[in-house]
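The values are calculated or read from the model by the stated rules, or taken from the named source; none is laboratory data. Being a predicted model, the structure only gives us computed values, none of them experimental. Glycine also receives a Cβ, built like all others from the backbone with ideal geometry; neighbour counts cover every protein chain displayed.
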Amino acid sequence: MSRADGMLNEERRREILQLLGRDGRVLVKELSARFRTSQITIRKDLEILQGRGLVHRTHGGALTPPTGALNDLSVQEKEKMHRMEKIRIAQAAVRMVEEGQSVLLDSGTTTLAIARVLRSFRNLTVITNAVNIAAELANSDIEVILTGGTVRKNSFSLVGPLAEETLRQLSADVLFLGVDGFDTKLGLSTPNLQEAKVNRVMVGISRNVVAVCDSSKFGRRSLSSIVAPNAIHQVITDKKISKSDQQNLKDFGVQITLV
């Protein structure tokens, strides 16, 4: 059986999104030949991806959504994407953590995956602005500090002046920062202006800043800039990141961990 023949539906859809991110459009006929499956199956894939807000269907194919820089998917939608990559990233991230440290987690599905692995620690403080991450760790041995702020329903994150002021009174040994877009020449970005402000404060109070994101986030630019590439120390991502992006990060002195 070939790889295409044995490919699971979600694996095929993830690869379609990667092709779309690279080329800006995909055609049903070409995808059908590439994955050795029927055009009906490919059309169903594109309809599902459009329902998640990830593609814009056209006659014979699909385009990137016209509001890419503003696209702000819900946590539930994001959790369905790149699940295995997020699990591997989380496992690599936790290997950087030691008992007795303070760990800062911003909101996001990759950082939520990290929180789930951190539950095995016994002497750890986790600072977060994500309500769902705090809930995930609430019945563990970890001490959890949840910032105040205004709840963003899409991300379960707390943002605004109260969140920023709380963070400025704290410090973290390591920050795991998930992002929506990562242009390796310009920096990290997110669709929400308030989220970006909170993330910048997080970077400022952390000794070690680690960006955690799957390779689909590279080459994307979202609405609001967070920080430049040289403001972070490390990146954990999967092996599908391009060689050019890897070189750009190395030029900025960023250490890369591939999973």
**Report entry** Residue that is surrounded by the most Cβ atoms within 10 Å (Cβ to Cβ), among those in region 37-61 that are among the polar types (S, T, N, Q) and at pLDDT 85 or above
**Finding:** 37
**Report entry** Among (1) modelled with pLDDT under 90; (2) within 20 Å of the chain's Cα centre (by Cα), the one test that residue 13 misses
**Finding:** (1)
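Being in a loop (DSSP other than H, G, I, E, B) and either out of contact with any helix residue (DSSP H, G or I) (no Cβ under 9 Å at 6 or more places or on another chain) or touching a residue at least 12 places away in the same chain (Cβ under 8 Å) (or both) is the filter here; which residues of region 83-121 pass it? Working first, answer last.
Of the residues in region 83-121, the ones in a loop (DSSP other than H, G, I, E, B) are 95-101, 106-108, 119-121.
Hits for region 83-121 are 95, 96, 97, 98, 99, 100, 101, 106, 107, 108, 119, 121.
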Report task. Please state which of the following conditions residue 26 fails to meet, knowing it meets all the rest: (1) touching a helix residue (DSSP H, G or I) at 6+ places or on another chain (Cβ under 7 Å); (2) in a helix (DSSP H, G or I); (3) touching a residue at least 24 places away in the same chain (Cβ under 8 Å). Result -> (2)
Report task. Being modelled with pLDDT of 90 or more, within 17 Å of the chain's Cα centre (by Cα) and of a type outside the set (A, V, I, L, M) narrows it down to one of 190, 237, so name that one. Result -> 237
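Quick one: which residue in 231, 163, 196 is surrounded by fewer than 18 Cβ atoms within 10 Å (Cβ to Cβ), over 16 Å from residue 92 (Cα atoms) and in the same structural domain as residue 110 (by TED's automatic domain parsing)?
Just one listed residue meets the conditions, 231.
For every residue, the table says whether it meets (1) modelled with pLDDT under 95; (2) assigned to a loop (DSSP other than H, G, I, E, B); (3) at positive phi.
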| residue | (1), (2), (3) |
| --- | --- |
| 123 | no, yes, no |
| 126 | no, no, no |
| 135 | no, no, no |
| 139 | yes, yes, no |
| 145 | no, no, no |
| 155 | yes, yes, no |
| 162 | no, no, no |
Report task. Keeping to region 117-158, report how many residues are farther than 15 Å from residue 104 by Cα and crowded, with 16+ Cβ neighbours inside 10 Å. Result -> 6
